[in-house]
Amino acid sequence: MQQQGGERKEGKPEPPAVMGDGSQGTDRGWAWAAVLHFFLVNVFVMGMLKTFGIFFVAFQEDVGGSSEQVSWIGSIMSSLRFLGAPLVAVVCRRIGERPTSILGAGLVSGGCLLSTQATSVPFLCVSMGLLLGMGFCCLYQAAAVMTAKRCRTRLAFSNAIARSGMGLTFLTAPFTQLLIDTYGWQGTLLIFSGIMLNLVPSSMLLRPVRTQLPPCPKASHEDRSSAPKGEAGALAGHLEEATNGAAQPRSAQDLPSTEAPAEPCSTAAVTTAAPGKAPTASSCPETINEVVKSCRSLPVLKEEKSQPLIDFSPLKDPLFFIFTWSFLFSHLAYFVPIFHLVARARTLGISSMDASYFISVAGITETSSQLLSGWIADQNWTKKYHYHAAYLVLCGVTNLLCPLATTFPLLMTYAVTFAIFCGGFLALVLPVLVDLVGVQKLHSYLGFASFFAGIAAVGGPPLAGWLYDSTQTYACSFLFAGACALLSPVSFFLEPLAQRWKLQKVHVPMQSEAILQGSTGRTGFGCSQTSTSADLQCQSKNC
Amino acid sequence: MLRWLSFVVPGESDVHVEKNIFLGSAVKIELSCRLADKHSHMKILQVTWKKGNETIKHINKTEISWGIQLTVSENRKLGSYTCTVTGEKEFSVVFHLQVPQIAGREKPVVSYKGDSAILICESRSYTPIAWTWYMTNGSEQIAINDSLMLDKYVIDKADANVTHLKILKLTEEDGGTYWCEAAFELGKSKGKLKLKILSLMVPLKPFLAIVAEVVILITLIFVFELYSKKKEKRAEDEKEFDQIEQLKSEESNGVESNSARHRKV
């Protein structure tokens, strides 16, 4: 036992050192590759969704069908992007992000190709709506989770960079129109399928986060039942113990940064990472987590097989409800004003040419505000969800004040302010989720959260339309959006409570475990008590 | 059926004012021109209503407005009616009475060989009596009779305001200019449409170019992955070798210090 401990003592520091010099540069490179892929996904997916309106006209003329029937295609396409997320999360967990992403790209390409042969609206509903929707969902989920896994320290900024791809979509509309004029809608879909095929090589850039390290096979002996686990290399061992203790006894582990027993270790990682911003710093948490993950890889694999196909555990987690509540209402608050801003401008007598300036200015402002907000959040001056909540509150207040804007300059001010705050909170959605639940379980959480957000996205526009019909004024939609935006950060006030509740739930089994195994010298509580040594280890070995 | 339609256009000096009036069916119409307020006290020398060179007798509706009444029941009555008021300055107003215009499509309809294309013409505000389609062959216009080529042309007559011409089994010769002619009570009106036939190769070329680029990228990334995996494996093997060496030497000395550290923790 002691010999094994000795081995492991020497073994553990090695992999971080290997990461430290040789492949740490390429690790950062792969993180940028993931961001690039996510960026491309945003450009293509949002571009396709936004240009559907141009295809709408062509479909109505050529394929026939009433306006309502043809608009079903667009609705299916954009709603499946969210509603298919739980299913895609399952697929992702089973076969990994890279294959899922390639599958998604293939679905989108194939759907476009198949649609060129379309002769009726139901055919298009399946080929364009279903296939494209599911493809987009696969692409999105895989890209988002891979970005979260790869970019630990600068997640908010990377997320913002990737999301700025949506800002480029204003170019796709004239491009699509040009293609349709030259090649007709069938030729355009053919060319689009080729363009979407470009997502296959970019998906290949989503290298799975490495799980192969030399000392690992020895670590496979570390089950909960065996003693040597406590003698794992101090650093990785402490983290491992902490996460094993903090999480539920038998399920796959995650590394939430806010759970108390794990805090000393993860804050150790963060504090070494945040100051200095040296190249080594950014990979520090990555390497630690990779070491942890690598040494848990075999036990984790064993446990994964015993997991149910669909992981319903997010639905039992109060943090999930907190996040989804906020996600849902913030989505409603975002979509509704977008739909009605131009219409309101026109009812106030502003020409549609001027009104279209709102959209372009808002788009540019939103993109830059996303980048700024992501950068600020990454400085870690305070927890990310504080920023998120602040932006949402300000957005809500702006929306509530919107009915007072009745002239062009005032509406422009509203549009700019709204775009600033919207960009702010949109950039932080993924980082906040990662902060709350960690990266390991991100798939299931993101899947279910997207599902509920999808319900909001599907119901949002009709609801807004109904609001207008019943009140005959667009001011009401803005008030509604403002109310939604103010409701959404309310759940974050419950976050500390939920964390404490969650801790109490797992603290009891952890305490009993420690009592049982206290005699074997396990360091179950080791993390919280030896935070200083963990710090020292972290600083000296890795950073 | 006859209806009354009345139009008043204020005339301005030195500005030639025109107004288009579309008549879907026979009507009784009154056209009048009126002096703008700022010229209301201008001394009027002469007021003339003309159609072409023909003068029409007008009636003085008020001191400053004059009108004519027409029964437009046939094509001959359509045309341009001018009201000229001569005083200190001269101004005139022109009314163009015409059949409703059919809007064709400026951008050509694009379709592919072997596929089918649908050409649509509509006249929403005025319902025509009949629709006829013409195809341009060289410089002639040939009417497309439904009975002429049943399996090639299908004309959809479901809605009186809209007409669909569906052309099946497209070939290169089917491309060109098509006319849809709407027959109204007072005359006929044509709309122009263009049909462009492309072969499948045309969009296929950019598609294949993009696919080739994708395949090249995939190959590059694949090769890079294989190469880096080989490099990693070599590096790992070396490290393992080193570690084993180190551990062998450590075993003899470092065991006690390690376990002591652990127990303290």
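The values are calculated or read from the model by the stated rules, or taken from the named source; none is laboratory data. Keep in mind that what you see is a predicted model, and the values were worked out from it rather than measured. Please note: Cβ atoms are built from the backbone with ideal geometry, for glycine as well, and neighbour counts cover all protein chains shown.
Structural remarks
- Residue in the range A:457-474 that is modelled with pLDDT of 90 or more, touching a Leu at 6+ places or on another chain (Cβ under 7 Å) and not aliphatic (A, V, I, L, M) present: no
- Test: residue in the range B:195-211 that is exposed (fewer than 12 other Cβ atoms within 10 Å of the Cβ), of a type in the set (Lys, Arg) and either at the interface with chain A (Cβ under 10 Å from one of its Cβ atoms) or under 32 Å from the mean Cα position of the chain (by Cα) (or both): yes
- Among the residues of the range A:404-411, at least one is surrounded by 15 or more Cβ atoms within 10 Å (Cβ to Cβ) and assigned to a helix (DSSP H, G or I).
- Among the criteria (1) modelled with pLDDT of 90 or more; (2) on the phi > 0 side of the Ramachandran plot, the one B:Val215 does not fulfil is (2).
- All of A:Cys138, A:Cys151 fail the test of being modelled with pLDDT under 90, away from every other protein chain (no Cβ under 14 Å), crowded, with 23+ Cβ neighbours inside 10 Å and touching a Ser or Thr at 6+ places or on another chain (Cβ under 6 Å), apart from A:Cys151.
- Any hit, the range A:390-399, residues being of a type in the set (Gly, Ala, Ser) and surrounded by fewer than 21 Cβ atoms within 10 Å (Cβ to Cβ): yes
- For the range A:474-504, filtered to residues that are free of Cβ contacts under 8 Å to residues at least 12 places away in the same chain and more than 26 Å from the chain's Cα centre (by Cα), the residue that is surrounded by the fewest Cβ atoms within 10 Å (Cβ to Cβ) is A:Gln504.
- B:Gly104 meets all of the listed conditions (1) surrounded by fewer than 17 Cβ atoms within 10 Å (Cβ to Cβ); (2) within 30 Å of B:Ile197 (Cα to Cα); (3) not hydrophobic (A, V, I, L, M, F, W, C) but one, namely (1).
- Failed item, numbered, when A:His386 is tested on (1) assigned by the TED database to the domain that holds A:Gly465; (2) modelled with pLDDT under 80; (3) farther than 28 Å from A:Pro461 by Cβ: (2)
- Pairs with Cβ under 6 Å, 6+ apart, first in the range A:77-91 and in the same structural domain as A:Leu107 (by the TED database), second at pLDDT 90 or above and of a type in the set (A, V, I, L, M): A:Met77/A:Leu132; A:Leu80/A:Met134; A:Gly84/A:Met134
- From the list A:Leu179, A:Leu190, A:Leu171, A:Leu199, the lone residue that is surrounded by fewer than 21 Cβ atoms within 10 Å (Cβ to Cβ) and not β-branched (Val, Ile, Thr) is A:Leu171.
- Within the range B:109-148, being touching a residue at least 24 places away in the same chain (Cβ under 8 Å) and hydroxyl-bearing (Ser, Thr, Tyr) holds for B:Ser111, B:Tyr112, B:Ser116, B:Ser123, B:Ser125, B:Tyr126, B:Thr127, B:Thr132, B:Tyr134, B:Thr136.
- The helices (runs of 4 or more DSSP H) found entirely in the range A:157-249 that carry 3 or more residues being within 14 Å of chain B (Cβ to nearest Cβ) and at pLDDT below 85 are A:216-219, A:234-246.
- Test: residue in the range B:107-130 that is in contact with a Ser or Thr (Cβ under 7 Å, 6 or more places away or on another chain), farther than 30 Å from A:Leu189 by Cβ and either modelled with pLDDT of 85 or more or more than 14 Å from chain A (Cβ to nearest Cβ) (or both): no
- Test: A:Ser528 is crowded, with 16+ Cβ neighbours inside 10 Å, part of a helix (DSSP H, G or I) and either modelled with pLDDT under 80 or in the same structural domain as A:Lys384 (by the TED database) (or both): yes
- Filter result (over 10 Å from A:Ala498 (Cα atoms) and either modelled with pLDDT of 85 or more or not small (Gly, Ala, Ser) (or both)) within the range A:310-319: A:Ile310, A:Asp311, A:Phe312, A:Pro314, A:Leu315, A:Lys316
- Residue match in the range A:343-360 (condition: within 19 Å of A:Leu392 (Cα to Cα) and crowded, with 19+ Cβ neighbours inside 10 Å): no
- Qualifying residues in the range B:93-106 (those that are aliphatic (A, V, I, L, M) and part of a loop (DSSP other than H, G, I, E, B)) - the one nearest to the other protein chains (Cβ to nearest Cβ): B:Ala103
- Condition met for B:Gly138 (within 12 Å of chain A (Cβ to nearest Cβ), among the small types (Gly, Ala, Ser) and out of contact with any Pro (no Cβ under 8 Å at 6 or more places or on another chain)): no
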